[in-house]
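What follows is a single structure, written as structure tokens, with notes after it.
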Amino acid sequence: MHALRKNRPLRRIVLAGAATVSGMVLLLSLKPHTSPTLAPAGAKSPAVSSSSAPSAPSSGAASGRSTGTKTVTGETVQTRWGPVQVRVTIKSGRITDVTAVQYPQDNPRDQEINSYALPQLRREALAAQSAQIDMVSGASYTSTGYRQSLQSALDSAGR
């Protein structure tokens with residue numbers, strides 16, 4: 001046998017170096033985790049529309065809540081996968097409807113995730129009557145954006 005075929009030290013060095021470089025490239029190509037943020041101040045402000053029904057005079061102590069129906073759209077929250085924006089309807093001081101106006105839907109995976117996450121988030125918000133809702137497993141970015149937009153809508157509505 002030839003002496004170079006037996007040990008092949010140069011080949012091992014080249015392979016080890018190539019594996020190290022490949023590993024570093026893969027490691028550096030990972031995107032860092034970024035937390036969702038609210039849209040810049042110059043962006044659209046929350047929209048508030050109100051249709052106040054005439055209220056009957058109360059015979060007892062004032063409840064401190066309005067009796068009309070108010071629909072408020074929260075701020076657009078930019079998440080890693082796209083914008084999330086929520087519209088909330090409040091009637092007699094209670095949240096009666098929550099609708100996701102904007103949410104990530106650019107690819108089939110976004111559509112799949114949000115098809116089960118948004119109904120769960122809506123149920124949570126209606127049950128809690130606040131933005132203090134549980135996140136949906138597998139949809140943490142959408143859940144966080146949903147909560148922040150819902151909170152901004154509730155703040156605009158004075159709740």
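The values are calculated or read from the model by the stated rules, or taken from the named source; none is laboratory data. The model shown is predicted, which means the values in this text are computed figures rather than measured ones. All Cβ positions, glycine included, derive from the backbone under ideal geometry; neighbour counts span all protein chains shown. Accessible surface is based on the protein model in full, side chains and every heavy atom, while ligands, DNA and RNA are left aside. Shrake-Rupley method; radii C 1.70, N 1.55, O 1.52, S 1.80 Å.
Some values worked out for this structure:
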{"item": "Any hit, segment 57-65, residues being charged (D, E, K, R), more than 16 Å from Asp155 (Cα to Cα) and either modelled with pLDDT under 90 or surrounded by 11 or more Cβ atoms within 10 Å (Cβ to Cβ) (or both)", "result": "no"}
{"item": "Count of segment 122-159 residues which are more than 17 Å from Arg87 (Cβ to Cβ), open to solvent by less than 70 Å² (accessible area, probe 1.4 Å), free of Cβ contacts under 8 Å to residues at least 24 places away in the same chain and in contact with a helix residue (DSSP H, G or I) (Cβ under 7 Å, 6 or more places away or on another chain)", "result": "1"}
{"item": "Failed item, numbered, when Ile133 is tested on (1) closer than 15 Å to Gly74 by Cα; (2) touching a Ser or Thr at 6+ places or on another chain (Cβ under 9 Å)", "result": "(1)"}
{"item": "Odd one out for Ile113, checked against (1) modelled with pLDDT under 90; (2) of a type in the set (A, V, I, L, M); (3) in contact with a helix residue (DSSP H, G or I) (Cβ under 6 Å, 6 or more places away or on another chain)", "result": "(3)"}
{"item": "Residue list for segment 110-121, filter: open to solvent by 80 Å² or more (accessible area, probe 1.4 Å) and not polar (S, T, N, Q)", "result": "Glu112, Tyr116"}
{"item": "Checking Arg94 against (1) under 20 Å from Lys70 (Cβ atoms); (2) of a type outside the set (Phe, Trp, Tyr); (3) touching a strand residue (DSSP E or B) at 6+ places or on another chain (Cβ under 9 Å), the condition it does not meet", "result": "(3)"}
{"item": "Matching residues in segment 86-97 - criterion: being open to solvent by 20 Å² or more (accessible area, probe 1.4 Å) and assigned to a strand (DSSP E or B)", "result": "Arg87, Thr89, Lys91, Arg94, Thr96, Asp97"}
{"item": "Meets criteria (assigned to a loop (DSSP other than H, G, I, E, B) and charged (D, E, K, R)) for Arg109", "result": "no"}
{"item": "Residue selected from segment 98-109 under the condition open to solvent by 20 Å² or more (accessible area, probe 1.4 Å) and touching a residue at least 24 places away in the same chain (Cβ under 8 Å), by the criterion nearest to Thr142 (Cα to Cα)", "result": "Tyr103"}
